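Just so it is clear, none of the values below were taken in a lab; they were calculated from the coordinates. What you are looking at is a predicted structure, and each value in this text was computed from that prediction instead of being measured. Glycine gets a Cβ as well: all are built from the backbone with ideal geometry, and neighbour counts include every protein chain shown.
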Amino acid sequence: MTRGDRTIVVAILVAVLVSIPVAIAWAGTGSSVATIVGPSGETRVDLADNACYEVEGREGIVMFEVRDGCLLCVSSTCDDQVCVNQGRVSIGRPVVCAPNGVVAFAAPTRRGQEALDAVSR
Amino acid sequence: MPYRASGADARTVSMVALLLSFASCVAYAEAVLLPSLPIPGVRLGFANIAVVVAILVSGSRSALVVSVGRVLIVALATGALGGPSFLLSIAGALAAWATMSMLASRGAVFSPIGWSVAGSAVHVVTQLVVASWIVGSTAPLLMLPLSLGASLPAGLAVGYSAGLLVSRIPETTLVFGH
């Protein structure tokens, strides 16, 4: 490794360390509510109530489940299944299904943007 | 049939074709056989060994052919051509290629390891930005610390592997006009 290479590695490590508190601050600290954003709007999910949420994505249905206070993506019609393998949504760690244009994250929504695009059952 | 000669000689075309087929096979195997990592934008990325080798042995233009060609071939094979996954792949590949080419043009300041590490990081950041654009939310950017951190060992592994591979190729094979 050259000196230039080491500079790049250090720069990336610094970027990672700086971005951690920024991401946490950005995500907020409230973990009792999660937000699911889909192509047709967004909805807030109360993590206190166990329920399933069916979200209409660009390529099909993405299923989320609130289980024991955690929001998980349990199934998706996308090919790579990154969203299903991401595990539970936590602060600073959203679940993203890019092919379906759906993202779920533990952060409050802004007032007046609570149009439902999910079906609870 | 009219024949139009191009600037590329047969050895360059052969090497680019060889690297493109290697990159496509590895990327396809990675997409189909290996389980996806639970971090958006992060794959092991061993196909990028071919892109780094292409920059080393035949220049940036050849590397662009390998990088974009690999994305197109794998997208065709997996049925993802034109979809959001394809958009993520092509954006990441182009950004990584541009970064690695720029660093390679700086001579001996950076080695293939540095190109690869920087390319890997830029690939991840680009994919998260594009994913944010696709889903219409900045939430995917919250994955930046995790994704950027994971890109570092992947970039180191790819850069080291590419350097090792080139060191094992006989020098007579690597005489190209850039």
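Under the convention that each Lys and Arg Cβ holds +1 and each Asp and Glu Cβ holds -1, the size of the dipole of chain B around its Cα centre is about 160 debye. Across region A:61-100, the residues whose backbone nitrogen lies under 13 Å from the label position 7 Å along the beta-carbon direction of A:GLU54 are A:61-64. Note on A:11-23: average number of Cβ atoms from other chains within 10 Å of each residue's Cβ is 5. Our coupling estimate for region B:86-101, obtained by passing each phi through the Karplus curve with A = 6.51, B = -1.76, C = 1.60 and θ = phi - 60°, is 5, 4, 4, 5, 5, 5, x, 5, 5, 5, 5, 4, 4, 5, 5, 5 Hz, Gly and Pro reported as x.
One decimal place: the segment A:ARG6-A:SER40 gains 7.7 nm when fully extended, by the rule 0.36 nm per residue minus the C-alpha distance. In this structure, the amide hydrogen of B:GLY45, modeled 1.01 Å from its nitrogen in the peptide plane, lies closer than 5 angstrom to no residue at least 5 positions away or on a different chain.
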